[in-house]
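Below: the structure, in structure tokens.
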Amino acid sequence: MRVLFCSSPLLGYFLPLVPWAWALRAAGHTVRVATTGEGLEACGHAGLHAFDAAPGVNVDEVFRSTIAANRAAMPVGTPPPWAGAGKSSPFSNKPATPPGPGSASPWGQAGRTSPFAKVADLMTDETIRIARDFRPTLVIYPRLHVLGRLAAEVLGVPVVAHSPSLPMAPEMMGPLSWLIPPEACERHGRTIELASPAALLHPTPPSMLNDDFPPGWPTRYVPYNGSNGALPSWLLERPTRPRICVTLGSVIPGMGGVSAVKNVVDVLAERDVEVVLALGGADLQSLGTLPANARATGWVPLSELLPSCSAIVHHGGAGTTWTALALGIPQLILPQGADQPFNAAAAEKRGVAVVFSPVPETRAPLEEALDRVLKNGEMRAAARAVQEEMAKLPGPHEMIEKLAALT
């Protein structure tokens, strides 16, 4: 096979694709990636060959400016595009249909001018050129980067969606066409009504699914959180007291700061634990003077850090949540937006996490939550059970024959 990964530059969507690219390459297939921005650098660190689908474009600035413009234009309290009379979660197979690109509702317009749509438009023409020249027999894309579906349709080849967390309902996979502007499709002789993917890969263990979730191809989650080379040597040392990881992922620290975890850090300062602040290169001034038991590490891959941890406090991002699930780590989740509340709710329902939304303004609830996460035997047993369940799912290398059959 010749496989083209059409990926959003957002690391939360790109990094989970890397183990699939590795597996395909190890099996002898030819793999290329069409992405831009941070995705290009991440490809280099992962040893993958990539083409820049938006040369000269500052993707971070496009996301920032578009989000700011949409916030200014949206009435306070406007619901997300999948909310309505039906179920409010896009991860159920019975959601209300979101408004289309031509809708007069605020979210219809916001969908068309979403940062995903803006970036997809800027990446469209070069991605199609790359695809025509590379001539893939299969296209794989992260579910919100609908440009992958357009590229596959233009070439007439099968396309597979990859979900970094819960499987998204078929009714939502179709309407996600509003995440690419109609004019981008029209430039290449297609309409906004793109064909649905031939398959949906997702890493959710069966015990976290229910009848409301759509059929898909459940697969083992292989944690990969990027690599910048050398790891800190203290990761090899056995902790002398419980080690707690505190993180907010790859987007929130740069977009909104780290104040969401200040109360958590203050509570942990009074405990006999080791706190690892894995907050990237974020400005930590909002946390005040760091306590003596806290270590600010900058960027460290969670797949290397979490095996030595007793618990993790985080925002509910897909990569963070599923890495913790795969490694059997109890979680305290403080969801901030996007798909984070749904990831958090699924983890809490399974008994492996405590969730607060919004973050408590007082310390008492956090004290109680941390006691549960650190000391509750049932929660630790549930986390280990999910870890074992996920380990039994077929890994990327075991799914290659099924992918090949699509071609």
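Just so you know, all these numbers are worked out from the coordinates, no wet-lab data involved. None of these values were measured; they are calculated from a predicted model. Cβ: placed from backbone, ideal geometry, glycine included. Neighbour counts: every protein chain shown.
Run the Debye formula on the Cα coordinates of segment 233-391, all scatterers equal and no solvent, and tell me log10 I(q)/I(0) at q = 0.09, 0.20 1/Å.
-0.24, -1.42
So how do Met399, Met390 line up by other beta-carbon neighbours within 10 Å, fewest first?
Met399, Met390
How would Leu393, Leu231 line up from fewest to most surrounding beta-carbon atoms within 10 angstrom?
Ascending Cβ contact count within 10 Å gives the list Leu231, Leu393.
Using a basic spin-label model with each label point 7 Å from the Cα along Cα→Cβ, how many nm lie between Lys349 and His188?
My value for the distance between the label points is 3.5 nm.
Under 12 Å between alpha carbons, and skipping anything fewer than 8 positions from Lys392 in its own chain: which aspartates and glutamates qualify?
The qualifying aspartates and glutamates are none; the list is empty.
Once the piece of chain linking Leu290 and His397 is laid out straight, how much longer is it, given 0.36 nm per residue of separation minus the C-alpha distance between them?
Contour length minus Cα-Cα distance gives 34.2 nm.
Hey, what did segment 233-391 get for relative contact order, percent, Cα under 8 Å, at least 6 apart?
The value is 21 percent.
Using the Karplus curve 6.51 cos²θ - 1.76 cosθ + 1.60 with θ = phi - 60°, work out ³J(HN,Hα) for each residue of segment 278-295 in order, rounded to whole Hz, and write x for Gly and Pro.
8, 10, x, x, 5, 6, 9, 4, 5, 8, x, 5, 5, x, 5, 8, 10, 10
Express in nm, to one decimal, how much length is gained between Glu388 and Ser308 on full extension, taking 0.36 nm for each residue of separation and deducting their alpha carbon distance.
27.0 nm
I need the phi-derived Karplus couplings for segment 44-57: 6.51 cos²θ - 1.76 cosθ + 1.60, θ = phi - 60°, integer Hz, Gly and Pro marked x.
After applying 6.51 cos²θ - 1.76 cosθ + 1.60, I find x, 5, 8, x, 10, 8, 9, 10, 7, 8, 8, x, x, 9 Hz.
What FRET efficiency, computed as 1/(1 + (r/R0)^6) with R0 = 51 Å and r the Cβ-Cβ distance, is obtained for Thr137 and Glu61, rounded to the nearest 0.05?
Rounded to the nearest 0.05, the efficiency is 0.90.
Please work out the FRET efficiency for the pair Asp272 and Leu236, using the Cβ-Cβ distance as r and a Förster radius of 35 Å; give the result to the nearest 0.05.
It comes to 0.95.
With each pseudo-label sitting 7 Å past Cα toward Cβ, what's the Asp125-Glu367 distance in nm, one decimal?
Between Asp125 and Glu367, the label points sit 6.2 nm apart.
Amide H to amide H, which residues 5 or more places from Thr36 or on other chains are under 5 Å from it, using H placed in the peptide plane?
Here the answer is Ala53, since their amide H atoms fall under 5 Å of that of Thr36.
Sort Cys6, Cys185, Cys309 so that the residue with the fewest other Cβ atoms within 10 Å of its own Cβ comes first and the one with the most comes last.
By the 10 Å Cβ count, ascending, the order reads Cys309, Cys185, Cys6.
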